[in-house]
Amino acid sequence: TQRAFAELTHAFDNGWSSTLTVAGMKQDSDTKMLYAIPATAEEAYAYINRTTSKEEQITAEAKLSGPFALFGRQHELTLGANYGRTHHDEVGHYRDSSGNQMVSLADALSGNVVQPPLNYTDDLNTQLFTDRQKSLFAGARFSVVDDLHWIAGARMLSADGDGAGYGSPHDTRVHGKVTPYTGLVYDLTPQWSLYTSWTKIFKPQYLRSTGGGLLLPLEGKSLEVGIKGLVLDERLTLTAAAFKTDQQNVAELTGEIVGGQYLYRGTNLKSRG
């Protein structure tokens, strides 16, 4: 795995600052695996494969933030954009189309199974796809009164994917999806604050569904209220909070494996705590 990154920051005379970051990753792997599934007390199905893959990722983000005056008060604003791209190329090599053979369970556990020729592959054992994400985001912190601050912002996301994975289309199309968030912070004292926050949730998923394609994006909303404080001369931070989160299309394993890949289904999830 090779990684590289660069970051450029600049501070303007008026209190504003800008940050530009770029990161890249390249990964090459060559893996041999044996999955042993007991068939009887003495024998096992050995699922043997060799997988070679190459993956390249690049991410970039530009951000601008600083103070501004409105209605006689000073506030803070952040603006930005980011971009990400992943290209994945993977091939699985097997003994035959099933990839299975019967072996001694003792040999499998002791590592004495002889590796068969791994010369077979097909579309069900390959992945070749590209994923791209682009987003714009903005957020502001408004000083409503001396001790009360209102935070608000949003992200607009576009995601595209194309190619195929294990014989199924790897297609993603999301454009202009907006996820807002907002919150309030009230300063009880210089050390203690009450806060509440609300946000929508949206995240594309790249897991294989039972329908053969990708799972639908994860969506939902989350609400939190709490208190934060600094004690012992600001050497200790204390936090107490209550939250509830409702999510749709949460990935859940089905237990099925097709083409060496686990299948998932989307389920609804509610969390309270």
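The values are calculated or read from the model by the stated rules, or taken from the named source; none is laboratory data. These numbers were taken from a predicted model, which means no experiment stands behind them. FYI the Cβ positions are ideal-geometry reconstructions off the backbone, even for glycines, and counts take in every protein chain you see. To get the accessible areas, we keep the full protein, side chains included, count just its heavy atoms, and leave off ligands, DNA and RNA. Shrake-Rupley method; radii C 1.70, N 1.55, O 1.52, S 1.80 Å.
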Handout entry: Relative contact order (%) - criterion: Cα under 8 Å, at least six apart; region: region 87-165
Key = 33 percent
Completion exercise
For region 102-186, the charge dipole (Cβ of Lys, Arg +1; Cβ of Asp, Glu -1; about the Cα centre) points to a positive end, and the Cα of Ser143, Asn112, Leu128 closest to that extreme belongs to Ser143
Completion exercise
For the chain, dividing by residue count, accessible area per residue (probe 1.4 Å) in Å² works out to 62 Å²
Completion exercise
Magnitude of the Cβ-charge dipole (Lys and Arg +1, Asp and Glu -1) of the chain about the Cα centre, nearest 20 debye, reported as 720 debye
Completion exercise
Note on region 125-273: contact order normalised by length, alpha-carbon pairs under 8 Å, 6 or more apart, percent, works out to 16 percent
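Excluding Gln101 itself, what net charge comes from residues whose Cβ is under 14 Å from its Cβ, given Lys and Arg +1 and Asp and Glu -1?
Details: positive: Arg95; negative: Glu43, Asp96, Asp107.
Summing Lys/Arg as +1 and Asp/Glu as -1 gives -2.
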Practice task
Report the residue, chosen from Asn100, Asn49, Asn14, that carries the largest GNM mean-square fluctuation when the chain is represented by alpha-carbon nodes joined by springs under 10 Å.
Solution key: Asn14
Practice task
With the Cα gyration tensor of the chain in hand, convert its eigenvalues to equivalent ellipsoid semi-axes via √(5λ) and list them largest first in whole Å.
Solution key: 48, 23, 19
Practice task
Using only alpha carbon pairs under 8 Å that are at least six residues apart, calculate the relative contact order of the chain and give it in whole percent.
Solution key: 11 percent
Handout entry: Percent carbon-and-sulfur accessible area, region 139-273, ignoring ligands, DNA and RNA, probe 1.4 Å
Key = 57 percent
Fill in the blank from the handout: Excluding residues fewer than 8 positions from Lys32 in its own chain, the lysines with Cα under 25 Å of it are Lys54
Problem - For region 110-250, size of Cβ-based charge dipole, Lys and Arg +1, Asp and Glu -1, in debye - result: 160 debye
Fill in the blank from the handout: Dipole check, the chain, charges on Cβ (K,R +1; D,E -1), about Cα centroid: among Ala41, Gly255, Ala154 the Cα furthest to the positive pole belongs to Ala154
